[in-house]
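Down below is the structure, laid out as structure tokens.
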Amino acid sequence: MRHVALKVKDAARSKAFYRERFGMDVVWEPDAQNVYLSSGCDNIAIHEITDEFAATGAEVQLDHLGFVVETIERVKELEQEFVAHGVKIVHPFKFHRDGSASFYCADPDGIVIQLLYEPTLSRQKIV
């Protein structure tokens, strides 16, 4: 998975969060309610919830999305950086049985994000 689209309450707030915390660049912003960001290999589409969508009573549900990180040490560093910037930590850093390590945080809309070192994925080169 290299792309995910998110429905958010405030597109500008979410854009700032993903730019500041994940270093993503804006690749297209057709209007104030829609923005597309990229890290070079991952792409996020941010769509502000419209009044029509909100009126349906529909709820957007997503367990979490994840970003693969190159090393365990970088996962630990990112957690410290996020805490220093007031990002809510949902589950603190931990090692997993399969040799991976991660922590979970929340974006401004409460969308849970896993920062993950995974032995197989983290060493892959995207071409």
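Couple of notes before you dig in:
- Selection count, the stretch 1-20, where residues are hydroxyl-bearing (Ser, Thr, Tyr) and either in contact with a His (Cβ under 9 Å, 6 or more places away or on another chain) or modelled with pLDDT under 90 (or both): 0
- Some residue of the stretch 85-102 being within 15 Å of the chain's Cα centre (by Cα) and aromatic (Phe, Trp, Tyr): no
- Filtered residue count, the stretch 30-71, keeping only those that are surrounded by 16 or more Cβ atoms within 10 Å (Cβ to Cβ), acidic (Asp, Glu) and either at pLDDT below 85 or in a loop (DSSP other than H, G, I, E, B) (or both): 1
- A single member of ARG2, ARG74, ARG97, ARG13 is within 17 Å of ILE111 (Cβ to Cβ) and either open to solvent by 50 Å² or more (accessible area, probe 1.4 Å) or not aliphatic (A, V, I, L, M) (or both), and it is ARG13.
- Subset of the stretch 16-29 (residues that are open to solvent by 70 Å² or more (accessible area, probe 1.4 Å), within 21 Å of LEU78 (Cβ to Cβ) and outside any helix (DSSP H, G or I)): ASP25
The values are calculated or read from the model by the stated rules, or taken from the named source; none is laboratory data. The model shown is predicted, which means the values in this text are computed figures rather than measured ones. Reconstructed Cβ throughout: ideal geometry from the backbone, glycine too, with neighbour counts over all protein chains shown. Just so you know, the surface numbers come from the protein's heavy atoms only, side chains and all, with ligands and any DNA or RNA stripped out. Shrake-Rupley method; radii C 1.70, N 1.55, O 1.52, S 1.80 Å.
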